[in-house]
1. Points 7 angstrom from Cα along the Cβ direction at LYS6 and GLN160: gap in nanometres?
2. Could you compute the FRET efficiency for GLU222 and ALA152, with r as their C-beta to C-beta distance and R0 at 25 Å, rounded to 0.05?
3. Roughly what would the spin-label model give for LEU178 and VAL197, points 7 Å off Cα along C-beta, in nm?
4. Considering only DSSP states other than H, G, I, E and B, which trypsin sites (Lys or Arg not before Pro) in the range 65-121 qualify as loop sites with at most 14 other Cβ atoms within 10 Å?
5. Would you mind calculating the gained length between GLN37 and ASN205 on full extension (0.36 nm times residue separation, minus the Cα-Cα distance), in nm to one decimal?
6. Ignoring any ligand, DNA or RNA, what whole percent of the accessible area of the range 8-252 comes from carbon and sulfur when the probe is 1.4 angstrom?
7. Given a 1.4 angstrom probe, what's the average accessible area per residue across the chain, in square angstrom?
8. Based on the alpha-carbon gyration tensor of the chain, what equivalent-ellipsoid semi-axes (square roots of 5 times the eigenvalues) come out, in whole Å, largest first?
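The values are calculated or read from the model by the stated rules, or taken from the named source; none is laboratory data. Note that the structure is a prediction, hence the values are computed from the model and not measured. Because the Cβ atoms are built from the backbone with ideal geometry, glycine has one as well, and the counts that use them run over all protein chains shown. Heavy atoms of the whole protein, side chains included, go into the accessibility calculation; ligands, DNA and RNA do not. Shrake-Rupley method; radii C 1.70, N 1.55, O 1.52, S 1.80 Å.
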Amino acid sequence: MTPGIKPLVAGNWKMNGTSASLGEIGAMNTGFDAGLQQKIDMLVCVPATLLFQASEVARNGRLQTGAQDCHARSSGAHTGDISVAMIADAGGSAVIVGHSERRADHGETSEAVREKAVAGLGEGLQTIVCIGETEEERKGGKTLDVLKEQLALSLPDQWQGGELVVAYEPVWAIGTGLTPTADDVAEAHAFMRAELVGRYGEIGNAIRLLYGGSVKPGNAKELMAVANVDGALVGGASLKAADLLGIAAAYLEI
Ligand code: PEP
């Protein structure tokens, strides 16, 4: 945690879910009660096909909804892509950019991620920029070098409108059940904090830094208690309301 920063627990449904899954959104929205909301913010980034319906389900609640990617341009001949205005129009208040699965599956470079981040922030969206090292890079002792470069290239120099959030997601920890030690997470997050303060000054102290990679109800308390960890980006365990709320509940004990 960082003193003065309200944590964010954000779910990423990836390519999972149909309208049959909307009951989970309803259960998350109901379960995210006033007590939890005093402690944290909560967000679920669903597939684009579900965003409007999920946003309607959560409309009168505290749960926020968002998308998992966007195009950097506002409109045009980009078959299959969605713009930040479309996300907002569908009721989304957030977007994830630069997830390692997008970087790997679609060849997204950090420069392309930065353009998407600029678009998301310009639309007023909470924009979660993901970075993280591969297993090979970690084994080669390059973790902090990778984070430094990805931060430098994936984040905009300046922005206005939305909130910039950074998510540290070691690629080898995503969907594997493996997690770094609390000490490793602390080292990475302290490094990111220092980089952000070096680049943006005092604003860098207010940027939420999420940890992502196999966060579950059983390990959330330990990981979320680490210094400079201001919440979680959760994949698999965000599909079920009971699991995501179980992670959120860790904040009642920290
Ligand atoms: C993710 O996809 O951002 C993620 C962290 O996945 P998981 O929680 O399943 O490791």
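1. Those two pseudo-labels are separated by 2.4 nm.
2. Values: r = 30 Å, r/R0 = 1.20.
Using R0 = 25 Å, I get an efficiency of 0.25.
3. According to this spin-label approximation, the distance is 3.1 nm.
4. Filter output for the range 65-121: ARG73.
5. 58.3 nm
6. On the way: 5250 of 10460 Å².
Carbon plus sulfur share of accessible area: 50 percent.
7. Heavy-atom SASA per residue in the chain reads 44 Å².
8. Working: eigenvalues 119, 101, 58 Å².
Semi-axes, largest first: 24, 22, 17 Å.
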